[in-house]
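Chemist: Following this message is one structure expressed as structure tokens.
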Ligand SMILES: O=C(CN1CCCCC1)Nc1ccc2c(c1)OCO2
């Protein structure tokens with residue numbers, strides 16, 4: 001049941017996909033960096049429900065409760081949610097999964113209340129799903145067998161409607177031939193080696209253990225401190241503030257390239273590296289520090305330049321310029 005679902009940009013921070021859960025429409029954030037499908041539920045406090053569509057299990061004729069099952073997730077940005085679990089029929093684009101584990105939020109952190117999404121669809125590997133006592137599978141894991149090819153692709157152009165294609169590659173959405181990197185899924189992410197980068201045309205290498213993950217749930221590109229300091233050293237007037245790196249909006253930004261796997265580089269043009277006005281004539285960078293660790297996070301800004309292919313067959317991650 002190959003299909004394509006439209007991804008609508010929301011305040012430049014995320015892309016929302018209209019998803020039907022038990023016949024109820026919700027705008028969900030597709031996150032290739034996590035493995036829980038969770039929704040705002042009618043059991044949330046009135047304050048938490050403000051501004052959101054919520055899922056009401058009792059109104060779905062196909063909902064089945066998983067008695068005693070719970071979930072609780074903390075994201076790297078400090079946000080989190082938790083609640084109970086059931087199964088229902090979930091349809092995305094034209095792809096339907098019956099008996100999909102649907103995690104009902106009874107608690108969400110404040111950033112989700114002020115966010116545009118009514119929940120998340122986790123599209124990383126199911127080994128990091130948080131449901132207890134029995135871990136559950138992602139929508140994609142459940143849908144795979146019904147797809148022509150066990151893959152999905154993310155097309156997320158800047159400030160324009162994009163799409164998630166399930167089961168096939170839409171050649172009208174990219175140019176050239178996709179290049180692929182082998183993925184190691186042990187950590188649950190679409191993760192690959194990423195050990196060198198370029199600021200403009202200057203090549204830098206990192207320690208051999210550095211990896212990258214393809215993460216549609218993260219807005220920006222988050223890389224290690226070595227990379228961000230090397231990059232902003234080339235931007236006159238750049239400052240590392242408490243909120244992250246800023247620079248004069250008039251600055252000319254070099255491109256940033258990073259290796260995906262052991263062969264090809266992805267290049268983010270300078271234009272995409274100016275995320276938004278921070279204040280007055282000061283702008284905020286699309287490249288920010290990931291904090292500690294040796295894992296680069298390639299978020300939506302990467303997908304503003306590349307069609308991303310999440311192929312479970314090896315597994316491997318592919319990309320082609322859009
Ligand atoms: O937490 C996320 C993405 N997350 C996806 C689900 C919704 C809430 C935001 N990204 C992220 C990933 C690595 C980080 C980080 C943030 O801050 C420092 O390192």
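The values are calculated or read from the model by the stated rules, or taken from the named source; none is laboratory data. Only a predicted model underlies this, so the values are computations on that prediction, with no experimental measurement involved. Note that each Cβ is placed from the backbone with ideal geometry, even for glycine, and that neighbours are counted across all protein chains shown.
Chemist: Considering every residue within segment 163-176, establish whether at least one is more than 17 Å from residue 266 (Cα to Cα), within 16 Å of the ligand (Cβ to nearest atom) and within 22 Å of the chain's Cα centre (by Cα).
Modeler: Taking every residue of segment 163-176 in turn, at least one turns out to be more than 17 Å from residue 266 (Cα to Cα), within 16 Å of the ligand (Cβ to nearest atom) and within 22 Å of the chain's Cα centre (by Cα).
Chemist: Taking the residues in segment 207-227 that are farther than 23 Å from residue 156 by Cα and under 24 Å from the mean Cα position of the chain (by Cα) as candidates, determine which candidate is surrounded by the fewest Cβ atoms within 10 Å (Cβ to Cβ).
Modeler: Across segment 207-227, the extreme among qualifying residues is 209.
Chemist: I'd like to know if segment 69-86 contains one or more residues that are more than 16 Å from the ligand (Cβ to nearest atom), surrounded by fewer than 19 Cβ atoms within 10 Å (Cβ to Cβ) and free of Cβ contacts under 8 Å to residues at least 40 places away in the same chain.
Modeler: no
Chemist: Going by the conditions given, is residue 25 closer than 22 Å to residue 130 by Cα and in contact (Cβ under 8 Å) with a residue 24 or more places away in the chain?
Modeler: It is false that residue 25 is closer than 22 Å to residue 130 by Cα and in contact (Cβ under 8 Å) with a residue 24 or more places away in the chain.
Chemist: OK, next. Among the residues of segment 123-134, which ones are closer than 22 Å to residue 67 by Cα and touching a strand residue (DSSP E or B) at 6+ places or on another chain (Cβ under 9 Å)?
Modeler: Those that are closer than 22 Å to residue 67 by Cα and touching a strand residue (DSSP E or B) at 6+ places or on another chain (Cβ under 9 Å): 128, 129, 130, 131, 132, 133, 134.
Chemist: Can you confirm whether residue 137 is more than 16 Å from the ligand (Cβ to nearest atom), within 22 Å of residue 57 (Cα to Cα) and either crowded, with 18+ Cβ neighbours inside 10 Å or modelled with pLDDT of 95 or more (or both)?
Modeler: Judged against the criteria, residue 137 is a match.
Chemist: Another question, if that's okay. Of all the strands (runs of 3 or more DSSP E) wholly in segment 184-244, which have at least 2 residues that are more than 16 Å from residue 256 (Cβ to Cβ)?
Modeler: In segment 184-244, the matching strands (runs of 3 or more DSSP E) lie at 191-193, 211-214, 239-241.
Chemist: In the list 34, 114, 43, 110, which residue meets the criterion of being away from the ligand (no atom under 16 Å from the Cβ) and either over 25 Å from residue 144 (Cα atoms) or surrounded by 16 or more Cβ atoms within 10 Å (Cβ to Cβ) (or both)?
Modeler: Result of the check over 34, 114, 43, 110: 43.
Chemist: Scan segment 11-19 and give yes if some residue there is away from the ligand (no atom under 16 Å from the Cβ), in a strand (DSSP E or B) and either surrounded by fewer than 18 Cβ atoms within 10 Å (Cβ to Cβ) or in contact (Cβ under 8 Å) with a residue 40 or more places away in the chain (or both), otherwise no.
Modeler: Yes, that holds for at least one residue.
Chemist: Same structure, new question: Any residue at all in segment 302-312 that's closer than 17 Å to residue 204 by Cα and either within 16 Å of the ligand (Cβ to nearest atom) or touching a strand residue (DSSP E or B) at 6+ places or on another chain (Cβ under 7 Å) (or both)?
Modeler: So far as segment 302-312 goes, no, none of its residues is closer than 17 Å to residue 204 by Cα and either within 16 Å of the ligand (Cβ to nearest atom) or touching a strand residue (DSSP E or B) at 6+ places or on another chain (Cβ under 7 Å) (or both).
Chemist: Another question, if that's okay. Hey, which of the strands (runs of 3 or more DSSP E) in segment 27-105, taking only ones fully inside, have at least 2 residues that are in contact with a helix residue (DSSP H, G or I) (Cβ under 7 Å, 6 or more places away or on another chain)?
Modeler: Filter on segment 27-105 gives 37-40, 80-92.
Chemist: Take segment 276-287 and flag every residue that is surrounded by fewer than 21 Cβ atoms within 10 Å (Cβ to Cβ) and touching a helix residue (DSSP H, G or I) at 6+ places or on another chain (Cβ under 8 Å).
Modeler: Across segment 276-287, there are no qualifying residues.
Chemist: Please indicate, with yes or no, whether at least one residue in segment 121-134 is within 16 Å of the ligand (Cβ to nearest atom), under 25 Å from residue 62 (Cβ atoms) and part of a strand (DSSP E or B).
Modeler: yes
Chemist: A further question follows. Anything in segment 144-181 that is in contact (Cβ under 8 Å) with a residue 40 or more places away in the chain and part of a helix (DSSP H, G or I)? List them, or say none.
Modeler: Of everything in segment 144-181, those that are in contact (Cβ under 8 Å) with a residue 40 or more places away in the chain and part of a helix (DSSP H, G or I) turn out to be 144, 146, 173.
Residue by residue, here is whether (1) within 16 Å of the ligand (Cβ to nearest atom); (2) modelled with pLDDT of 95 or more holds:
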position: 254; (1), (2): no, yes
position: 262; (1), (2): no, no
position: 299; (1), (2): yes, yes
position: 321; (1), (2): no, yes
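Chemist: Restricting the search to segment 49-65, which residues are over 16 Å from residue 90 (Cα atoms) and surrounded by 13 or more Cβ atoms within 10 Å (Cβ to Cβ)?
Modeler: 49, 52
Chemist: Hey, another quick one. For segment 267-293, what are the residues that are away from the ligand (no atom under 12 Å from the Cβ) and assigned to a loop (DSSP other than H, G, I, E, B)?
Modeler: 269, 280, 281, 286
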